[in-house]
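The values are calculated or read from the model by the stated rules, or taken from the named source; none is laboratory data. Note that the structure is a prediction, hence the values are computed from the model and not measured. Cβ placement follows ideal geometry from the backbone for every residue including glycine, while neighbour counts extend to all protein chains displayed.
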Amino acid sequence: MALYSEKVMDHFLHPRNVGVIEDANAIGEVGNAKCGDIMKMYLKIKDDIVEDVKFETFGCGSAIASSSMATEMIKGKPLSEVRTLTNKAVTEALDGLPAHKIHCSVLAEEAIKSALEDYENRKNAGNQ
Amino acid sequence: MSIYADHAATTAMSEAAIEAMTRCMREYYGNPSSLYRIGQQAKEVLEQAREDIASVIHAESREIYFTSGGSEADNQAIRSAALAGKKKGKNHIISTAFEHHAVLHTLEQLKTEGFEVTLLDVHENGVIRPEEVEAALRPETCLVTVMYANNEIGTIQPIREIGAVCRAHQVLFHTDAVQAVGPLSIDVQAENIDYLSASSHKFHGPKGVGFLYARKGVPLLPLINGGAQEKGKRAGTENLPGIVGMAAALKETVAERDAEAVRLTGLRDRLIAGLKEIPHSALNGDAEKRLPGNVSFCFEGIEGESLLLLLDEKGISASSGSACTSGSLDPSHVLLAIGRVHDVAHGSLRLTLGRENTPEDVEYIISAVKDVVSYLRGFSPVWRDLQSGKTPFIL
């Protein structure tokens, strides 16, 4: 038996949406290097829709795969939908993760939440 | 392309060992404890294996006890010396911070039973200092246990000097020599070793078998009670095919040891030189006092598990001390013990070369590791911050 599902390996070996968005208007970063996982999400939001999303991840195979899958799941989606994305949905989309790797999918959910928070903060700052 | 570069984890079975085991299973199925001929023939085979193994480490055959492997041997040696010490009111044990868990967890258990344990500093180069062993000795010290060579970073410890210190102070000395038996020449007499643990599958023998050398006269208690096998120190019918395979594998390894050590050291040093070309990388452990086949590196800005998976995709089997490969949140205790901070220890890679590896393998590994490290750094937020100067480089 392999360590990871085929889906996880596919997203790990061929990660989608890797990179940086220079003019992102929502950036979220979670995790820390001490624990061995850092995820950074760059979102370009327009008219309450995630027009584009890219990620950078320092972490294990499942962290990279979770980031990749999460970006696919939110790209082109309205914020109302993006806000409801859970780590469980990411894990399921990956056909499961080993028990001790579930936290990687949690990081993906948190990275998106953190980016949305950044978006709200920027908006509020702009309105002031 | 398939390159096995994880010989510290386990080794491929030697053909000589497979043949010896197959023959043993066919021809010597008798129980060595039975008095009739086929039992006694099996007994002879068992004792021949014991003699062959004893001679490799300059021991007497009656000082060799067969076990299920290195972990059992470690447990038995440490527990025996500790309990004998306790009876004399001695409850202090000296060890090191980067022992194998078979030793560290046994010591943890003994702490709950009233023992005090001093773990010596292993320093940045991963080599302990005999004078620090001497300084840590107390009147109530009953045991010093120091590994012969470290399983992750390959550093070879000054066993002869530590043995001399222990002998001078009449303290029992155990060494976990799981990584050393086979590649290194060991003389338990000259090195004043009282107990030594070894594992067969590290030197091309079968898994599930090993041995404990216990100098005659030292305390030895059984972990497994039952029949009178192994002079009452290890009950249970002997794993004869395993023992015979272990002896055959060891004889073969020792016969080619000197030439193999020279060859592997050459490959190792070429691999180290090649990987050093990767910016912000560092070799773990002393460059010279290390096992012939061991190469251990840390690469800043990347994580070890993803590195291993990508190397596996390129046909290279290696290992890492990252948290994600250990199943815990902390990276390897060995890397932390030599002073690597968490951030860097997560990006570790261990390549251990052995019998089948060639110079071509080494060149392929160098180029594959370079590619993979640079690919992973390409989308690592940690690397971005290091490069932009937001956080300072450690390596």
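Taken over the range A:32-42, the residue count meeting the criterion of being at pLDDT 95 or above, touching a Leu at 6+ places or on another chain (Cβ under 9 Å) and not β-branched (Val, Ile, Thr) is 1.
Reported count of residues in the range B:324-357, each being free of Cβ contacts under 8 Å to residues at least 24 places away in the same chain and within 27 Å of B:GLY182 (Cβ to Cβ), is 2.
All of A:ALA93, A:ALA125, A:ALA65, A:ALA111 fail the test of being hydrophobic (A, V, I, L, M, F, W, C) and under 9 Å from the mean Cα position of the chain (by Cα), apart from A:ALA111. Here A:VAL30 clears all of (1) more than 11 Å from chain B (Cβ to nearest Cβ); (2) under 29 Å from B:ARG340 (Cβ atoms) except the condition numbered (1). For B:VAL144, indicate whether it is within 27 Å of B:LYS86 (Cα to Cα), among the aliphatic types (A, V, I, L, M), in contact with a Cys (Cβ under 6 Å, 6 or more places away or on another chain) and not in a helix (DSSP H, G or I). Taking the combined requirement at face value, the residue satisfies it. Only one entry of B:LEU308, B:LEU271, B:LEU275 meets the criterion of being touching a residue at least 40 places away in the same chain (Cβ under 8 Å), in contact with a Gly (Cβ under 9 Å, 6 or more places away or on another chain), of a type outside the set (Asp, Glu) and assigned to a helix (DSSP H, G or I), and that entry is B:LEU308.
Restricting attention to the range A:12-39, the residues being touching a residue at least 40 places away in the same chain (Cβ under 8 Å) and in a strand (DSSP E or B) number 9.
Which is under 24 Å from the mean Cα position of the chain (by Cα) and over 26 Å from B:PHE211 (Cα atoms), of B:VAL122, B:VAL127, B:VAL103, B:VAL117?
Testing whether each residue is under 24 Å from the mean Cα position of the chain (by Cα) and over 26 Å from B:PHE211 (Cα atoms) leaves just B:VAL122.
Just to verify a result, which residue in the range B:97-143, among those that are in contact with a Leu (Cβ under 6 Å, 6 or more places away or on another chain) and touching a residue at least 60 places away in the same chain (Cβ under 8 Å), is surrounded by the most Cβ atoms within 10 Å (Cβ to Cβ)? Taking the candidates together, the pick is B:LEU143.
Keeping to the range B:278-294, report how many residues are within 20 Å of B:VAL344 (Cα to Cα) and in a strand (DSSP E or B).
Here the count works out to 4.
Screening B:ALA273 on (1) within 14 Å of another protein chain (Cβ to nearest Cβ); (2) surrounded by fewer than 24 Cβ atoms within 10 Å (Cβ to Cβ) shows it passes everything except condition (1).
Of all residues in the range B:165-182, those satisfying the criterion of being surrounded by 24 or more Cβ atoms within 10 Å (Cβ to Cβ) and either at pLDDT below 95 or of a type outside the set (A, V, I, L, M) (or both) are B:CYS166, B:PHE173, B:HIS174, B:THR175, B:ASP176, B:GLN179, B:GLY182.
Considering the range B:375-386, and only residues there that are out of contact with any Asp or Glu (no Cβ under 6 Å at 6 or more places or on another chain) and without any contact (Cβ under 8 Å) to a residue 12 or more places away in the chain, the residue that is nearest to the other protein chains (Cβ to nearest Cβ) turns out to be B:ARG384.
Looking across the range B:295-305, the residues that are assigned to a strand (DSSP E or B) and either of a type outside the set (A, V, I, L, M) or within 7 Å of chain A (Cβ to nearest Cβ) (or both) come down to B:SER296, B:PHE297, B:CYS298, B:PHE299. One residue is enough: does the range B:168-180 have a residue meeting the conditions in contact with a Cys (Cβ under 7 Å, 6 or more places away or on another chain) and assigned to a strand (DSSP E or B)? Scanning the range B:168-180 turns up at least one residue that is in contact with a Cys (Cβ under 7 Å, 6 or more places away or on another chain) and assigned to a strand (DSSP E or B).
Residues of the range B:367-395 that are touching a Cys at 6+ places or on another chain (Cβ under 8 Å) and assigned by TED's automatic domain parsing to the domain that holds B:LYS276: none at all. Please specify each residue of the range B:225-254 satisfying the condition of being within 23 Å of the chain's Cα centre (by Cα) and in a loop (DSSP other than H, G, I, E, B). Selection gives B:ARG234, B:ASN239.
Taken over the range B:64-79, the criterion of being assigned to a helix (DSSP H, G or I) and surrounded by 24 or more Cβ atoms within 10 Å (Cβ to Cβ) is satisfied by B:GLY70, B:ALA73, B:ASP74, B:GLN76, B:ALA77, B:ILE78.
Among all positions in the range B:314-336, there is at least one residue which is crowded, with 21+ Cβ neighbours inside 10 Å, away from chain A (no Cβ under 14 Å) and over 28 Å from A:ASP10 (Cα atoms).
Of the residues making up the range B:223-250, those that are within 12 Å of B:TYR65 (Cβ to Cβ), in contact (Cβ under 8 Å) with a residue 60 or more places away in the chain and of a type outside the set (A, V, I, L, M, F, W, C) number 6.
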